[in-house]
Protein chains: 2
Amino acid sequence: MHLLSSTEARLIEAALDLLGERGYKGATTREIAARAGVAEVTLFRRFGSKARLLAEAVRRAGAAFKEVAAHPSGDLRADLRTLAELYRGQLQRGGALVFVMASEAAREPELRRALGEALAGRLVTVAGFFKYYQAAGELRGGETAALIHAFFGPLIAASLFGVALERAPALDLEAHIEGFLRGWSA
Amino acid sequence: MHLLSSTEARLIEAALDLLGERGYKGATTREIAARAGVAEVTLFRRFGSKARLLAEAVRRAGAAFKEVAAHPSGDLRADLRTLAELYRGQLQRGGALVFVMASEAAREPELRRALGEALAGRLVTVAGFFKYYQAAGELRGGETAALIHAFFGPLIAASLFGVALERAPALDLEAHIEGFLRGWSA
DNA sequence: TACTTATGTAAGTATGCACTTACTATCAAG
DNA sequence: CTTGATAGTAAGTGCATACTTACATAAGTA
C-alpha cells in the first residue's frame, strides 16, 4: 500500500465520481482522464487498463468506514450515527454502484474480484461490530445479517431513490436510527 | 395498453432478464434478441430502439405489486409478507437495477422518464398503503418515507449483496418483518 | 551536460455496438 | 391466388471506445 502520486490520486477521485454518475460502462477513460486533468494516455501508463484503475479505486474507498466499524466505542447510538453518516457520504460518491458494477462488469474478472473482496471485507467488519453490541446485551441475538440489512438497507434504498428520482423522499437519519433501535434492541 | 404479441412479450422478458444480469449498457440488442429467440432486426421493427424496448419493459414490470399495495387487506402482517415476497421476486429479475439504470442510462431521456414514472408511481402507491395502516392506528405516524425505507431497504440491500457476492448473507423474511413491526408499530 | 522520469500531443488500430437496408419466406384472410 | 402482415437472413454503416505507438517537452539528478 504505497502512497499515491497526485496524478494517481486525481485519477482515482475522478474514476469514483464518474462511476457513481454513469456506471461502469458509462464511465469512459476519456472522461475520467479529462476530469482528472490529465491526458488519457497517462491513465493507461499508470494503471494499465480501465478495469485495473477502477479496481484500485474501489479498493481504496471506504477505509475510514472500516476504521469506525472495527472499533465500537461502547455507545451504540453514537456509533450508529457515525456509521450512517459515513456510509451515506460514500453512497453519494457512487458507493451504491459498487454493487451494480459487480453485475455490469461481470466480464472483467479482475474488477469483479476486487469488488467482491472490498465488499466482503466490509461485511465482515460490520458483522463484528454488531456482534460486539449483541454480546454487550444491547442488541437482540440471532443472525447479524438481519441487523446489517435492517441498518444499511434503508440507507442504500434512500440513495438509490435519490439517483433515480428528481424529488425522492429523503431519509431522516434520526428517525431511521430510532426505528432500528426500537426494532432490534435487546 | 394493448396486449402483447408473443414476439413482443418474449423480447420484454429477455430484456428484463439481461438488464438484471448486465445493466443497461451491458444488455446488448443482439443478446436480447438471441435470448428471446428472434432476429435482432425484429427487435428494432417492433420497438424502434433499445431505449424504447427497455422503457416498455420497465413500464410493464410490477403490475401485480401495485395491485397488492393499492388494496390493503386490513391484516398488516399478512400484507407485508405478500409485498415482501412479490418485491423480492421482482428484485431477482433485475428490478434493483431499475434504479441504477436511471443513472447509467441518464443520457436516454425516454428511458429515464419511463423509469422515473414507474418508480414514482410505485412509491405513491406504497405510501398510500402505509398511510392506510397509520390511519388504522397500527403504524406510528410521521413521514411515510421512513416506513418505505425501513421496509424495502433491507430487501434491496439483500438483493444487491446477492448480485455482488457469491456467498451473500441471506435475508430472513420473517425476521425482517418482525423487526420492522417492532420498530414501527404504534 | 547527459540521463531519467513523468507528462503531453497526435495519430491510429481494432472491436463492438445500435441501427439500417434489401431481399426472401410463411401464412392467414379476402 | 393475391395481398398484407410478420418474420427471417445477410450485409453493411457509422460511431464510440479501450488501448497503442511515436515523438516531443520539461524538470530533476548524476
Review point. In peptide B:170-181, what is the residue-averaged number of other protein chain Cβ atoms found within 10 Å of each Cβ?
Key: 4
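Residue B:49: net charge of surrounding residues, Cβ under 10 Å, Lys/Arg +1, Asp/Glu -1, itself excluded?
My count for the surroundings of residue B:49 gives 0.
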Study note, to complete from the structure: Answer in debye to the nearest 20: the dipole magnitude of the protein assembly as shown about its Cα centre, from +1 Lys/Arg and -1 Asp/Glu charges placed on Cβ, is 960 debye
Review point. What nm distances, shortest first, do you get from the label point of residue A:78 to those in the other copies when the point sits 7 angstrom along Cα to Cβ?
Key: 4.8
**Study point:** Label spacing, shortest first and in nm, from residue B:59 to its equivalents in the remaining copies (7 angstrom along Cα→Cβ)
**Key:** 4.6
Check your understanding: Relative contact order, percent, of segment A:6-50 when contacts are C-alpha pairs under 8 Å separated by at least 6 residues?
Key -> 37 percent
Study note, to complete from the structure: Expressed as a whole number, the average count of other chain Cβ atoms within 10 Å around the Cβ atoms of B:15-24 is 3
Review point. Out of every Cα-Cα pair in the protein assembly as shown, what percent are more than 30 Å apart?
Key: 41 percent
**Study point:** Extreme residue, positive dipole direction of segment B:1-60, given options B:39, B:18, B:51 (C-beta unit charges)
**Key:** B:51
Check your understanding: Copy-to-copy spacing for residue A:185, label 7 Å out on the Cα-to-C-beta vector, in nm, shortest first?
Key -> 1.7
Review point. Relative contact order of chain A: what whole-number percent is it, with Cα pairs under 8 angstrom and at least 6 residues apart?
Key: 22 percent
Revision key, fill the gap. By the DSSP-based rule, helices of chain B that are at least 20 Å long along the axis (C-alpha) and have a mean Kyte score of at least 1.6 are B:144-164
Point to revise | Straight-distance crosslink candidates among lysines, where the alpha carbon sits under 27 Å from residue B:50 and sequence neighbours closer than 8 are dropped | key: A:25, A:50, B:25, B:66
Study note, to complete from the structure: Per residue of A:136-143, other chain Cβ atoms within 10 Å number on average 2
Point to revise | Lys, Arg +1 and Asp, Glu -1 on Cβ, resulting dipole of chain A about Cα centre, debye, nearest 20 | key: 540 debye
Check your understanding: Amide H of residue B:139: which non-local residues (sequence gap of 5 or more, or other chain) have their own amide H closer than 5 Å, using H built in the peptide plane?
Key -> B:134, B:186
Review point. Quick one: if the Förster radius is 51 Å, what FRET efficiency do residue A:42 and residue A:182 give, using the C-beta to C-beta distance and rounding to 0.05?
Key: 0.45
Exercise for review: Assign unit charges at the C-beta atoms only (+1 for Lys and Arg, -1 for Asp and Glu), then state the dipole size of segment B:1-60 relative to its Cα centre in Debye, rounded to the nearest 20.
Suggested key: 180 debye
Check your understanding: Applying 1/(1 + (r/R0)^6) with R0 = 22 Å to the Cβ-Cβ distance of residue A:107 and residue A:67, what FRET efficiency is obtained, to the nearest 0.05?
Key -> 0.10
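None of the figures in this text is laboratory data; all of them are computed from the coordinates on show. All values derive from a computational prediction rather than experimental measurement. Virtual Cβ from ideal backbone geometry, glycine too; neighbours counted across all protein chains shown.
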